[in-house]
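The values are calculated or read from the model by the stated rules, or taken from the named source; none is laboratory data. What you see is a predicted model, and the numbers here were worked out from it, not measured in a lab. Methodologically, a virtual Cβ is constructed for each residue, glycine included, from the backbone with ideal geometry; neighbour enumeration extends over all protein chains shown.
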Amino acid sequence: PKLSTNTYHDTIENDPNRDYTYLGTRENATLLMLVRNWELDGALKSMRSLEDRFNRKYHYDWTFLNDVPFDDAFIEATSAMASGKTSYGLIPSSDWDRPSSIDDEKFESSLQLMQEKGVIYGGSKSYRNMCRFNSGFFFRQKLLDQYRYYFRVEPDVEYYCDFPFDPFRVMREQRKIYGFVISMYEYEDTIPTLWDAVEEFMADNPDIVDLETNSYDFIIDDSMIGTEMPIIQSNSMYNLCHFWSNFEIGDLSFFRSERYLRYFEHLDRKGGFYLERWGDAPVHSIAVALLLRQDEVIHFDELGYYHIPFGTCPTAHNIMLQQRCACDPGADSNIDIKAHSCLNRWWKMGGGKYFMKHG
Ligand code: GDP
Ligand code: MN
């Protein structure tokens, strides 16, 4: 493909010799990867896996985002790997960098404290930018304006099985807004005051939190407070369950909605993205659990997936064969059978109970 200069909301001129047409029905959706130039190798591995297992039949567009310009080698190799069109966006500094409202000294001392405590990525500045970006800014990028659904992809992940359906189509037909494959407990040290901020938000916004229909029960457990659970102990009502956001399929109109923005702005004002190390996974998950109806969330049971150090693999033998799965449901990395998976909570709460009705 011919490379054009890589500026914000730039689309490269895709290969004129390649046929991107798709004769079946396709949704208004894109595969989305936030990635660094030096992660090219891992990006290609993920792309190859997703193309093989799903996209080669559909040719959905790929959208790549970066806080620095993508280099030509990255653009060339990823557009060669994609079966759909590719676009490369440069994230504006105002959507990525630490805002001036965060005090320098407080920031530095919190970094040091978290690092000393051994919190994962506790001392990293860029990781915090990334988590805040994924929480509040990815859906505002110009390249995404034209799409309704996104499928988040990370470098170095693997899709273990053929997709038995187009998940975007399932989302639209079953009126789903958020889809996940893995759910687990978060490290509490990364979010000491997140739940306090959420409780404030709920108190201030009773009009947009419907406890009758949402998934409140999935993320709340007062019996865990201070008790010696075998693995998980939480100091708040929040049981630390979250959807693992390195895989997520979502409806962008939810994230662009006033209610989500109200939620994000409230959290952002608290400073916890920088003064603690709030992850986009618990931030998305709590929004999904509070602001959506439970039947608007879908667990994609049939999709095998791996991101270090956990995976999920269908257990039914006939599915393994039909979908050409290359994984072992009994493997040590299979989170679904582990105590720190939240999936049993999801089922217990009735997650997916509307699936049969709609599907
Ligand atoms: P982990 O999965 O929590 O261990 O974090 P990762 O290192 O995988 O980062 C999550 C996602 O954000 C991946 O898609 C990374 O490529 C991307 N990412 C992380 N930090 C940066 C960064 O500083 N710049 C860019 N452009 N992408 C980043
Ligand atoms: Mn990752």
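Filter the stretch 58-74 down to residues that are more than 21 Å from Met130 (Cβ to Cβ) and either in a helix (DSSP H, G or I) or of a type in the set (D, E, K, R) (or both), then give me how many there are.
So in the stretch 58-74, the residues more than 21 Å from Met130 (Cβ to Cβ) come out as 58-61, 72-73.
When the remaining residues are screened for being either in a helix (DSSP H, G or I) or of a type in the set (D, E, K, R) (or both), the result is 61, 72-73.
Number satisfying all stated conditions: 3.
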ask   = For the stretch 24-60, how many residues are more than 19 Å from the chain's Cα centre (by Cα), within 26 Å of Ser253 (Cα to Cα) and aromatic (Phe, Trp, Tyr)?
value = 1
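Restricting to the stretch 158-181, name every residue that is farther than 24 Å from Phe255 by Cα and within 16 Å of ligand 1 (Cβ to nearest atom).
Of the stretch 158-181, the ones farther than 24 Å from Phe255 by Cα are 158-165.
If the condition is that a residue be farther than 24 Å from Phe255 by Cα and within 16 Å of ligand 1 (Cβ to nearest atom), then Glu158, Tyr159 are the ones that fit.
Residues of the stretch 81-115 being of a type in the set (S, T, N, Q) and touching a strand residue (DSSP E or B) at 6+ places or on another chain (Cβ under 8 Å), which ones?
As a first pass, look at the stretch 81-115 and keep what is of a type in the set (S, T, N, Q): 83, 86-87, 93-94, 100-101, 109-110, 112, 115.
Scanning the stretch 81-115 gives Thr86, Ser87.
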message = Just to verify a result, which residue in the stretch 310-345, among those that are among the hydrophobic types (A, V, I, L, M, F, W, C) and under 16 Å from Phe243 (Cβ atoms), is nearest to ligand 1 (Cβ to nearest atom)?
response = Phe310
inquiry  = Among the listed residues Ala281, Ala289, identify the single one that is in contact (Cβ under 8 Å) with a residue 60 or more places away in the chain, assigned to a helix (DSSP H, G or I), within 16 Å of ligand 2 (Cβ to nearest atom) and of a type in the set (Gly, Ala, Ser).
reply    = Ala281
query = Of the residues that sit in the stretch 264-309 and are of a type in the set (A, V, I, L, M) and within 16 Å of ligand 1 (Cβ to nearest atom), which one is farthest from Thr193 (Cα to Cα)?
reply = Ile308
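Results for (1) within 15 Å of ligand 1 (Cβ to nearest atom); (2) in contact with a Pro (Cβ under 7 Å, 6 or more places away or on another chain); (3) part of a loop (DSSP other than H, G, I, E, B); (4) over 21 Å from Phe247 (Cα atoms), shown as yes or no for each residue.
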position: Ser83; (1), (2), (3), (4): no, no, yes, no
position: Arg98; (1), (2), (3), (4): yes, no, yes, yes
position: Glu105; (1), (2), (3), (4): no, no, no, yes
position: Met130; (1), (2), (3), (4): yes, no, no, no
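Any chance you could count how many residues in the stretch 124-150 are more than 29 Å from Asp166 (Cβ to Cβ) and surrounded by 16 or more Cβ atoms within 10 Å (Cβ to Cβ)? Full working, then the answer.
The initial filter retains those residues of the stretch 124-150 that are more than 29 Å from Asp166 (Cβ to Cβ), namely 124-129, 131-132.
If we keep only those that are surrounded by 16 or more Cβ atoms within 10 Å (Cβ to Cβ) too, we end up with 124, 128-129, 131-132.
So the answer is 5.
Can you tell me which residue among Asp332, Asp301 is without any contact (Cβ under 8 Å) to a residue 12 or more places away in the chain, of a type outside the set (A, V, I, L, M, F, W, C) and either within 16 Å of ligand 2 (Cβ to nearest atom) or in a loop (DSSP other than H, G, I, E, B) (or both)?
Numbers: Asp301 fails: without any contact (Cβ under 8 Å) to a residue 12 or more places away in the chain.
Testing whether each residue is without any contact (Cβ under 8 Å) to a residue 12 or more places away in the chain, of a type outside the set (A, V, I, L, M, F, W, C) and either within 16 Å of ligand 2 (Cβ to nearest atom) or in a loop (DSSP other than H, G, I, E, B) (or both) leaves just Asp332.
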task = Could you look through the stretch 306-320, keep only residues that are within 22 Å of Pro155 (Cα to Cα), buried (at least 21 other Cβ atoms within 10 Å of the Cβ) and not aromatic (Phe, Trp, Tyr), and pick out the one that is nearest to ligand 2 (Cβ to nearest atom)?
result = Gly311
request  = Answer yes or no as to whether Glu27 is of a type in the set (Asp, Glu), at pLDDT 95 or above and not in a loop (DSSP other than H, G, I, E, B).
outcome  = no
message = Looking only at the stretch 313-352, how many residues end up being closer than 17 Å to Phe165 by Cβ and touching a strand residue (DSSP E or B) at 6+ places or on another chain (Cβ under 9 Å)?
response = 1
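Does Ser94 satisfy being within 16 Å of ligand 1 (Cβ to nearest atom) and free of Cβ contacts under 8 Å to residues at least 12 places away in the same chain?
For Ser94, the condition - within 16 Å of ligand 1 (Cβ to nearest atom) and free of Cβ contacts under 8 Å to residues at least 12 places away in the same chain - is met.
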query = Out of (1) away from ligand 1 (no atom under 16 Å from the Cβ); (2) among the small types (Gly, Ala, Ser); (3) outside any helix (DSSP H, G or I), what's the single condition that is false for Ser109?
reply = (3)
ask   = Can Phe139 be described as part of a helix (DSSP H, G or I) and under 25 Å from Asn66 (Cα atoms)?
value = yes
query = Is it true that some residue in the stretch 145-153 is closer than 19 Å to Asp268 by Cα, among the aliphatic types (A, V, I, L, M) and within 16 Å of ligand 1 (Cβ to nearest atom)?
reply = no
query = Checking Trp244 against (1) within 16 Å of ligand 2 (Cβ to nearest atom); (2) among the aromatic types (Phe, Trp, Tyr); (3) more than 24 Å from Gly123 (Cα to Cα), which single condition isn't satisfied?
reply = (3)
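What number of residues within the stretch 304-329 are of a type in the set (A, V, I, L, M, F, W, C) and touching a Ser or Thr at 6+ places or on another chain (Cβ under 8 Å)? Talk me through it step by step, then tell me what you get.
Filtering the stretch 304-329 down to residues of a type in the set (A, V, I, L, M, F, W, C) leaves 308, 310, 313, 316, 319-321, 325-327.
From what's left, touching a Ser or Thr at 6+ places or on another chain (Cβ under 8 Å): 310.
Of the residues in that region, 1 qualify.
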